[in-house]
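Heads up, the thing below is written out as structure tokens.
The values are calculated or read from the model by the stated rules, or taken from the named source; none is laboratory data. Treat the numbers as computed from the prediction; the structure is a model and nothing was measured. Cβ placement follows ideal geometry from the backbone for every residue including glycine, while neighbour counts extend to all protein chains displayed. The area values use the complete protein model at the heavy-atom level, side chains included, leaving out ligands, DNA and RNA. Shrake-Rupley method; radii C 1.70, N 1.55, O 1.52, S 1.80 Å.
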Amino acid sequence: MFPLFRKSKHGYSIEIEDISIDSIIQKKHKNSVIASQRKETTIGERAFIGLFISFFALIIALLGVCFFYQVINKGNFIARAEKNKYIFNEISTQRGIIYDTNLKKLAENEQIFNLVLEEEVDDNSILEVSKILGLDFNELKQKVEGNEEGKLYIAKDLEIEQVIVLKTRINDLKGFKLEKKNIRNYEDGYAFSHILGYVSKEDGSGKDGIEKEYEDVLKENPGITKYERDALGNVLSEELVKAPESGKSLILNIDKKLQEKSFEVLESVVKSTKAVGGSIIIMNPKTGGVLTLVNYPSYNNNFFSRNFTNEEYQELLSSKSISFFNRGISGEYPIGSTIKPLLATAFLEEGTIDPNTKINCEGGITLNDRSFKSDWTAHGYTDMRKAIAESCDVYFYVLGGGYKNIKGLGIDKIDEYLYKYGLEKETGIDLPSESTGFIPTPEWKEDKKGTIWYPGDTYNISIGQGYLKATPIQVLTAIASIANNGKIMKPQIVKGIVDDNKSIVELFKPEVVDENFISQENLKVVQEGMRQTVLSNSGSAPSLQTLPISLAAKTGTAETGTGNTYHNWIVVYGPYEDPEISMIVLVEHVSSFGGITQSIVREVFNYYYENNIDKETHN
């Protein structure tokens, strides 16, 4: 049609229509590319803006984290860094030793080893420890991972074989450490536990007895060493921060051999008589130094130095043959006729009677209300010395509460003198948990019992019965004042402090609590009466005549109010001419009426003299 526009290309003819179509296609393609380029440009700008904002936010976050750790929490991380840099190790030392009066050890220290975890640990170390100790790996790992207290005890009181293996491997056991601790070992725990007490295995402090009373003297002060290390754990320097200080050692007035013998005798008598328990205390009446203090039942204080379960502890508490109760200083009992020497001095001081005046005892007295106060026998005409020796109840009924034409001392004066002798107050013995006993008054009875004070109440108190209660140590201290001519001495378990060479560096002086409230003349009368208790065949303790020592004594039998059982008492001192030893014995809730306590005195005193116990150390 249009020949001029027909072209030939490589042998092919190109029609005009082809040119037009191709042109149109190229035009559309060009427009499409331009549009596409415009679209790609728009998407790239948005991505760039988003990326910029994200990057800026990240920078802000990183700066915030840096600010938190380097500024806000700087102190905490410095402390952690310092903790990792320095290690503080405790330098163990020794608690003070306890010796008897002859410097025989009663309490000493033994070393044990514990395995503890104090730092981060890895599985390999846990696995090795589990193999050495024979523990289950998974259980040990669970225990370690569940620990939130810092220091974790893995095993306590390790066997020596385990300690040897662990010592050779401890540097390879990351986080684990062998801890060396001291525990107490007590000589004859049952015989000495109520005196010595025990030391807690957990915190190392005294929990009873001398261990508690003298905690500040006995306790050790461990030293501290500081080690500086680098990031690899290598030690760079070592510094002694605090030097260790051992506890001071004590020497007691207690005689080891006499203590053990007294416990042996008491245990035998209590078991053979089926009594509930008993106590023996022996004291120097001149100084107050306590040579022996035993109770039965008792407990073994070595129990608390070893590992024990809660079940074992509960079994210990429930055992009838075990008792933590220190009867000698904490038990409060009716004291029976041991009160009579004390009241006799009061009668004389107040002029209630002349010591030679005799009262006829016909076996009891009939009161105005027709009630009858009986004696254990009819003593006939009785003066003061005989009344003490034979323990005549009628004599003390009459002079205590009054009868017919004799005006008695009366309850107010009785209470006054009992208080002077130290009843209803602590003796001050250097042991914890001392009881005060109880002296009843008319006001107390009306307030607590809702009834008035009857004459019969005064008669009961006059022979050591009724509401009156006292401890064995109170009665012994009171009677010892009669032996030493009128001085109430403070009972003392500890004699002094000794150094590492067992030389006494501080001696505790005897302490007089009260004195001169009874005249020497009146004391002499009562002393003679107590001597006749032993010398007279009609006295209440003639069996003591066989001993190689001249004794003065007073027996007592107190009703318990629980069936046909009694508390049997005896208190003695000697030699009569110059007393150096006084002793009290209580056998609690026994069915026998008397004689048991005398057998204890005989056996213990025979041992005391036959074995040549060094009496010089007791002065």
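With the condition kept exactly as written, say whether any residue in the range 391-403 is in contact with a Pro (Cβ under 9 Å, 6 or more places away or on another chain) and either under 26 Å from Gly328 (Cα atoms) or not hydroxyl-bearing (Ser, Thr, Tyr) (or both).
Yes.
Being more than 21 Å from Val163 (Cβ to Cβ) and touching a Lys or Arg at 6+ places or on another chain (Cβ under 6 Å) is the filter here, so list the residues in the range 119-140 that pass it.
Selection gives Asp122 alone.
Can you confirm whether the range 435-455 contains a residue that is closer than 16 Å to Phe372 by Cα and surrounded by 17 or more Cβ atoms within 10 Å (Cβ to Cβ)?
In the first step, residues of the range 435-455 are kept if they are closer than 16 Å to Phe372 by Cα; the result is 454-455.
When the remaining residues are screened for being surrounded by 17 or more Cβ atoms within 10 Å (Cβ to Cβ), the result is 455.
Yes, because at least one residue in the range 435-455 is closer than 16 Å to Phe372 by Cα and surrounded by 17 or more Cβ atoms within 10 Å (Cβ to Cβ).
Output the residues belonging to the range 250-279 that are under 20 Å from Glu211 (Cα atoms) and open to solvent by 10 Å² or more (accessible area, probe 1.4 Å).
Asn253, Lys256, Glu260
So the check is Cβ under 8 Å with 6+ separation or different chains; which pairs have a first residue in the range 163-185 that's under 23 Å from Ser305 (Cα atoms) and among the aromatic types (Phe, Trp, Tyr) and a second one that's open to solvent by less than 30 Å² (accessible area, probe 1.4 Å) and in a helix (DSSP H, G or I)?
none
Considering only residues that are assigned to a loop (DSSP other than H, G, I, E, B), modelled with pLDDT of 95 or more and either small (Gly, Ala, Ser) or at positive phi (or both), which ones fall in the range 523-579?
Hits for the range 523-579 are Ser536, Ser538, Gly539, Ser540, Ala541, Ser550.
Here's a check for you: in the range 299-326, which residue that is aliphatic (A, V, I, L, M) and not in a strand (DSSP E or B) is most open to solvent (accessible area, probe 1.4 Å)? Lay out the reasoning, then the answer.
Taking the range 299-326 as the starting set, the residues that turn out to be aliphatic (A, V, I, L, M) are 316-317, 322.
Of the ones still in play, those that are also not in a strand (DSSP E or B) are 316-317.
Details: Leu316: 29, Leu317: 84 Å².
Once the filter is applied, the top-ranked residue is Leu317.
Could you list all residues from the range 374-412 that are assigned to a helix (DSSP H, G or I) and under 18 Å from Glu528 (Cα atoms)?
Residues of the range 374-412 that are assigned to a helix (DSSP H, G or I), as a first pass: 384-390, 393-401, 411-412.
Met384, Arg385, Lys386, Ala387, Ile388, Ala389, Glu390, Tyr395, Phe396, listed by residue number.
Just give me the residues in the range 166-209 being hydrophobic (A, V, I, L, M, F, W, C) and either open to solvent by 10 Å² or more (accessible area, probe 1.4 Å) or closer than 22 Å to Asn147 by Cβ (or both), in sequence order. Please lay out each step first, then the result.
Of the residues in the range 166-209, the ones hydrophobic (A, V, I, L, M, F, W, C) are 166, 170, 173, 176, 178, 183, 191-192, 195-196, 199.
Within the range 166-209, Leu166, Ile170, Leu173, Phe176, Leu178, Ile183, Val199 qualify.
Which of the residues belonging to the range 242-262 are of a type outside the set (Val, Ile, Thr) and in a loop (DSSP other than H, G, I, E, B)? Steps first, answer last, please.
Restricting attention to the range 242-262, the residues satisfying the condition of being of a type outside the set (Val, Ile, Thr) are 242-250, 252-253, 255-262.
Within the range 242-262, Ala243, Pro244, Ser246, Gly247, Lys248, Asn253, Asp255 qualify.
Do any residues in the range 591-611 that are modelled with pLDDT of 85 or more and of a type in the set (Phe, Trp, Tyr) have Cβ atoms under 9 Å from those of residues that are open to solvent by 20 Å² or more (accessible area, probe 1.4 Å) and not in a helix (DSSP H, G or I), where the two are at least six apart or on different chains, and which pairs are they?
Sorted first by the residue in the range 591-611, then by its partner, the pairs are Phe605/Pro548; Tyr609/Pro548.
Counting just the residues of the range 561-572 that are within 12 Å of Val587 (Cα to Cα) and among the hydroxyl-bearing types (Ser, Thr, Tyr), which one comes out most open to solvent (accessible area, probe 1.4 Å)?
Result: Tyr566.
Please find, within the range 232-271, the residue that is nearest to Thr565 (Cα to Cα) out of those that are modelled with pLDDT of 95 or more and among the hydroxyl-bearing types (Ser, Thr, Tyr).
Ranking the qualifying residues of the range 232-271, first place goes to Ser268.
For the range 286-298, what are the residues that are outside any strand (DSSP E or B), within 20 Å of Asp100 (Cβ to Cβ) and of a type outside the set (Val, Ile, Thr)?
Of the residues in the range 286-298, the ones outside any strand (DSSP E or B) are 286-288, 297.
Those still in the list that are within 20 Å of Asp100 (Cβ to Cβ) too: 286-288.
Those that are outside any strand (DSSP E or B), within 20 Å of Asp100 (Cβ to Cβ) and of a type outside the set (Val, Ile, Thr): Lys286, Gly288.
List the residue pairs whose Cβ atoms are under 6 Å apart, where the first residue sits in the range 86-111 and is more than 30 Å from Gly289 (Cα to Cα), the second is open to solvent by 30 Å² or more (accessible area, probe 1.4 Å) and assigned to a loop (DSSP other than H, G, I, E, B), and the two are 6 or more positions apart or on different chains.
Close Cβ pairs satisfying both conditions: Glu90/Pro222; Ile91/Pro222; Ile91/Pro244; Ser92/Pro222; Thr93/Glu220; Thr93/Pro222; Thr93/Pro244; Thr93/Ser246.
Does Thr357 meet the test of being polar (S, T, N, Q), in contact (Cβ under 8 Å) with a residue 24 or more places away in the chain and not in a loop (DSSP other than H, G, I, E, B)?
Numbers: polar (S, T, N, Q): yes; in contact (Cβ under 8 Å) with a residue 24 or more places away in the chain: yes; not in a loop (DSSP other than H, G, I, E, B): no.
The answer is no for Thr357.
Restricting to the range 450-474, count the residues that are more than 17 Å from Gly529 (Cβ to Cβ) and under 36 Å from the mean Cα position of the chain (by Cα). Talk me through it step by step, then tell me what you get.
Going residue by residue through the range 450-474, those that are more than 17 Å from Gly529 (Cβ to Cβ) are 450-461, 465-474.
Narrowing the set further to residues that are under 36 Å from the mean Cα position of the chain (by Cα) leaves 461, 465-474.
Matching residues across the range 450-474 total 11.
When the residues of the range 137-164 are narrowed to those that are touching a helix residue (DSSP H, G or I) at 6+ places or on another chain (Cβ under 8 Å), of a type outside the set (Gly, Ala, Ser) and surrounded by 15 or more Cβ atoms within 10 Å (Cβ to Cβ), which ends up farthest from Ser125 (Cα to Cα)?
Here is the first cut: in the range 137-164, the ones touching a helix residue (DSSP H, G or I) at 6+ places or on another chain (Cβ under 8 Å) are 137, 140-141, 144, 152, 154-155, 158, 162.
So of that shortlist, the ones also of a type outside the set (Gly, Ala, Ser) come out as 137, 140-141, 144, 152, 154, 158, 162.
Next cut, surrounded by 15 or more Cβ atoms within 10 Å (Cβ to Cβ) only: 140-141, 144, 152, 154, 158, 162.
Values: Leu140: 11, Lys141: 10, Val144: 11, Leu152: 15, Ile154: 13, Leu158: 18, Gln162: 15 Å.
The extreme case among them is Leu158.
Tell me which residues, restricted to the range 430-476, are in contact (Cβ under 8 Å) with a residue 60 or more places away in the chain and among the hydrophobic types (A, V, I, L, M, F, W, C).
If the condition is that a residue be in contact (Cβ under 8 Å) with a residue 60 or more places away in the chain and among the hydrophobic types (A, V, I, L, M, F, W, C), then Leu431, Phe438, Ile461, Ile463, Leu468, Ala470, Ile473, Val475, Leu476 are the ones that fit.
Name every residue in the range 394-414 that is open to solvent by 20 Å² or more (accessible area, probe 1.4 Å) and either free of Cβ contacts under 8 Å to residues at least 40 places away in the same chain or acidic (Asp, Glu) (or both), in order of residue number.
Hits for the range 394-414 are Tyr403, Lys404, Asn405, Asp412.
Assess whether Glu239 counts as being assigned to a loop (DSSP other than H, G, I, E, B) and open to solvent by 60 Å² or more (accessible area, probe 1.4 Å).
Working: assigned to a loop (DSSP other than H, G, I, E, B): no; open to solvent by 60 Å² or more (accessible area, probe 1.4 Å): yes.
No; evaluated as a whole, the condition is false for this residue.
Residues that are touching a helix residue (DSSP H, G or I) at 6+ places or on another chain (Cβ under 9 Å) and among the basic types (Lys, Arg): does the range 451-469 have at least one?
The answer is no; no qualifying residue exists.
If I go through the range 322-351 residue by residue, how many of them are over 19 Å from the mean Cα position of the chain (by Cα) and either among the basic types (Lys, Arg) or under 21 Å from Pro472 (Cα atoms) (or both)?
Of all residues in the range 322-351, those over 19 Å from the mean Cα position of the chain (by Cα) come to 332-351.
With either among the basic types (Lys, Arg) or under 21 Å from Pro472 (Cα atoms) (or both) added as a condition, the list becomes 332-346.
Qualifying residue count for the region: 15.
Given the criteria open to solvent by 10 Å² or more (accessible area, probe 1.4 Å), not in a helix (DSSP H, G or I) and not aromatic (Phe, Trp, Tyr), does Asn368 qualify?
Numbers: open to solvent by 10 Å² or more (accessible area, probe 1.4 Å): yes; not in a helix (DSSP H, G or I): yes; not aromatic (Phe, Trp, Tyr): yes.
The answer is yes for Asn368.
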